[in-house]
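Heads up, the thing below is written out as structure tokens.
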Amino acid sequence: MTTKPDPADPADLAEPADLAVLVGLQASGKSTFYTRCLSDRYALVSKDLFPRGAKNRQARQMRLVTEHLAAGRSVAVDNTNPSPREWDPLVAAARAHGATVTAYWFPPDAAGSLRRNDAREGRDRVPDVGVLATLKRLRRPSVTDGFDAVREVRFDGRGGFEVHP
């Protein structure tokens with residue numbers, strides 16, 4: 001038996017939660033994009049926010065993502081997420097909670113990422129070899145990977161972003 005949504009019940013009118021998976025090199029603009037474009041609608045999970053010596057970072061990330069999705073909240077995962085090895089568990093978690101999954105793809109610009117990374121200080125700066133290692137593993141996500149949508153994100157040249165379906 002199927003039931004129709006009850007317009008008097010806010011839960012029946014709510015949009016399903018969405019998991020936003022940001023995919024791109026370090027210093028490609030992912031965190032800035034999250035802050036400017038997603039932070040008003042998505043909770044944030046990022047391994048960069050964990051204490052430096054945190055153990056089991058992947059398990060901790062998945063626990064936080066699952067908690068948000070179980071509560072019906074949309075959540076963005078702001079890490080490099082360069083390949084199916086990283087995004088497959090995220091897609092599976094979203095599906096297990098009835099959420100949609102959107103990939104935000106930041107096409108690689110190694111020279112630009114290295115330049116922006118070089119301007120970072122302290123913990124925010126990644127050794128160049130780390131950026132280049134991510135570049136070797138980086139793969140463009142697609143709907144065949146389980147995403148409902150893949151959006152391409154580029155700098156717009158005016159300090160903002162262009163997002164294309």
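The values are calculated or read from the model by the stated rules, or taken from the named source; none is laboratory data. Small disclaimer: the values here were computed from a predicted structure and weren't measured. For neighbour counting, all protein chains shown are included, and Cβ atoms are generated from backbone atoms with ideal geometry for every residue, glycine included. In case anyone asks, the SASA skips ligands and DNA or RNA and just uses the protein heavy atoms, side chains included. Shrake-Rupley method; radii C 1.70, N 1.55, O 1.52, S 1.80 Å.
Among the residues that make up segment 16-24, is at least one of them at pLDDT below 95, outside any helix (DSSP H, G or I) and among the hydrophobic types (A, V, I, L, M, F, W, C)?
no
Among the residues of segment 60-67, not a single one is under 27 Å from G146 (Cα atoms), touching a helix residue (DSSP H, G or I) at 6+ places or on another chain (Cβ under 6 Å), touching a residue at least 24 places away in the same chain (Cβ under 8 Å) and not in a helix (DSSP H, G or I).
The single condition from (1) assigned to a loop (DSSP other than H, G, I, E, B); (2) charged (D, E, K, R); (3) in contact (Cβ under 8 Å) with a residue 40 or more places away in the chain that E152 fails is (1). Among the residues making up segment 121-149, those that are among the aliphatic types (A, V, I, L, M) and touching a residue at least 24 places away in the same chain (Cβ under 8 Å) are V126, V131, L135, L138, A149. If only residues of segment 113-148 that are open to solvent by less than 80 Å² (accessible area, probe 1.4 Å) and acidic (D, E) are counted, the one that is nearest to L49 (Cα to Cα) is D128. If you take the residues in segment 91-111 that are over 18 Å from Q61 (Cβ atoms) and within 20 Å of the chain's Cα centre (by Cα), which one is least open to solvent (accessible area, probe 1.4 Å)? My answer is F106. Residues that are aliphatic (A, V, I, L, M), at pLDDT below 95 and open to solvent by less than 60 Å² (accessible area, probe 1.4 Å) within segment 28-71 comprise just one, A54. Only a single item in (1) open to solvent by less than 80 Å² (accessible area, probe 1.4 Å); (2) within 29 Å of A92 (Cα to Cα) is not met by R151, and it is number (1).
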